1. What's the percent breakdown of Cα-Cα distances in the range B:128-169 across 10 Å bins, shortest bin first?
2. Inside 10 Å of the C-beta atoms of A:181-194, what's the mean count of C-beta atoms belonging to other chains?
3. Along the charge dipole of the protein assembly as shown, which of A:G297, B:N24, A:V90 sits closest to the positive end, that is, farthest toward it, with unit charges on the beta carbon of Lys, Arg, Asp and Glu (+1, +1, -1, -1)?
4. Would you work out the charge dipole size for chain B about its Cα centre, treating the Cβ of every Lys and Arg as +1 and the Cβ of every Asp and Glu as -1, and quote it to the nearest 20 debye?
5. Using the beta-carbon distance between B:F99 and B:L152 and R0 = 51 Å, what value does 1/(1 + (r/R0)^6) give for FRET efficiency, to the nearest 0.05?
6. Between B:L57, B:L107, B:L11, find the one with the highest GNM mean-square fluctuation for chain B; connect C-alpha pairs within less than 10 Å.
7. To one decimal place, what Kirkwood hydrodynamic radius in Å is obtained for the range A:294-344 from all pairs of distinct Cα atoms?
8. Greater than 31 Å separation of Cα atoms is the criterion. Which listed pairs, A:K121/B:K81; A:K257/B:K165; A:K121/A:K196; A:K196/B:K165; A:K257/A:K364, meet it?
Amino acid sequence: MGFQPMGRVEMIGVRRRSSRDFNRRRRPCITPQNMGWKPMLHSLLPTAASVLSDHMDWHLIIAAVIKIVVFVFLVTLPMVAMSVWAERRVSAAIQDRVGPNRVGPFGLLQAVADGIKFLLKEDFTPAHVNKFYFWLAPALTMVPALLTCAVIPFGSRLFDEKMVIADLDVGPLFVFAIASLSVYGIVLAGWSSNSKYSFLGGVRSTSQMISYEISLGLSIVPLIMIYGELNLGRIVQEQALNGWALLPLWGEGLSVKGFILAVPIFISFIIFMTSMFAETNRLPFDLPECETELVAGYHTEYSSMKFALFFLGEYAAMIIGSGLAVTLFLGGWSLPFGWLAPESVDAAVPWWHGLIHIGVYFTKVIALIIFFIVIRWTLPRFRYDQLMRLGWVFFFEIALANVVITAILLAIFK
Amino acid sequence: MTFLFYLFSALALMGGIGVVVNRNPVSAAFSMVISFLGLAALFIQLDAFLVGILQILVYAGAIMVLFLFIIMLLDVREEEKRRRPLVNIIGAGGVTLGFIALVISVLSRSDVGKATIPALTEVEGPGTSDVHQIGELLFSTYWFPVQIVGVLLLVATVGVVVLSKKELK
């Protein structure tokens, strides 16, 4: 597959084996009339396989499909739904209300009820919209958010299988590249709705996301300089052994160098998290959908499941953002003080260690999601010019200065 | 792998045709994004992960967003209604044909497609990614141009910030 750089020798081996299978399994005298589905499948499968893939490694594909289904569809998507429930419960607690508590224990099934409601409501398309882009836009906000799951390591190893869908050497860049595509959904939603509130929301959102992408990208440069690595799996491994980026209290991190370098990392973390709030359009930076001015911003004209997709896309982006923050700054799947840490990226990990690592990762992500939610219900909304000034005049310069400072510190403590 | 190559080349070409054929500027810009995505996938298939990702990050994610942003502020309907004079069509057709002839004549004389190039993973051995290799080249052989370009970009960005600060007052 495209994502895994495979050695040539291995690929040739795979191709030879599959062509031999093909010859052995072909049955020349069977006609479509007299053969059952099983022999037909046998004669068809190798042909299809050899046509589709000269070089495909089936073990890799099956493992990837299982990881995608489990991590993205069975864990991340339900987490999106549950974080909507958590948002309502936490906001209720902050405002001294009760919140949704009727459907299931503690109202936990509220997400299911909401989902059914969204699916059953009338899916209304206004007459004045550009239909093609109006239908395309919700999908374009949801899909990039889920695509970025591909490179985030959500565990060390389980049954000798790396717990990351695509072990890319350009992990953070991939996340930023795909996340930058999610602007299109919002732009097209705002434009195709053909209404002034949607349009203003779309314009605001675009300029906001473009502005904060810069400080978001620059904020992680010091971190990458310190680790000398763009592979998220190896970054986490390094943190497991030598102290989390923000908590260098064991291994090589427990030194003067580790403590001094934690200062630029902390500045990076502040910039990263704030930019993440702006990128996911959440309060205090939710100006694109600011209710008091723009009705509902770019999704004013949307109803039913299309509206739900925008909603889910926002929460999915928040979860992935938390995942990236956890991976880069808080040690990813690793426990503190090097407990149960594997010796290297390729070292064998017992299965129960692997399960604990996955649990640790999701615990950290959920903690950060709750942090996102608490911030949303604590701070008031920024004004638009304040938002732009914060992005361009403060964060951009601080992030740039942070890169220079880190370079100087690295040169001193070589 | 060849299947994926044809899939993404078709995507890139369809996007390219869409840019030219679509009357609606937003559709044209969006086709261009699709073309860039196909192109990025082709880069990734050649093991050039960094180039592929940068293609998406810079072109599809930043430049085309700005294009769409500007187009959104224009009146699209007017552009859809505009008639195209025959002279323009003939001129465009002539330029296209000339360019195609040029490309074919250059490609038929060179042996670009016939040379076998070793895979990136074989050049430096397994474990070194294309990012490491590009980085090492940039900061050893090409360090001077990199410095110049870096200073240029820094001046430009700082200049933009200074200019926008003045406008605020």
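Taken together, the values in this text are just the output of simple stated rules run on the coordinates, not laboratory data. Bear in mind the structure is a predicted one, so any value in this text is a computation, not a measurement. Glycine also receives a Cβ, built like all others from the backbone with ideal geometry; neighbour counts cover every protein chain displayed.
1. 26, 30, 23, 16, 5, 0
2. Numbers: counts 8, 1, 6, 8, 0, 0, 8, 4, 0, 1, 7, 2, 0, 0.
Taking the mean over all residues of the peptide, I get 3.
3. Going by the charge dipole, the pick is B:N24.
4. Dipole of chain B, to the nearest 20 debye: 860 debye.
5. It comes to 0.95.
6. Fluctuation is largest for B:L107.
7. It works out to 13.8 Å.
8. In this structure, A:K121/B:K81; A:K257/B:K165 exceed 31 Å between Cα atoms.
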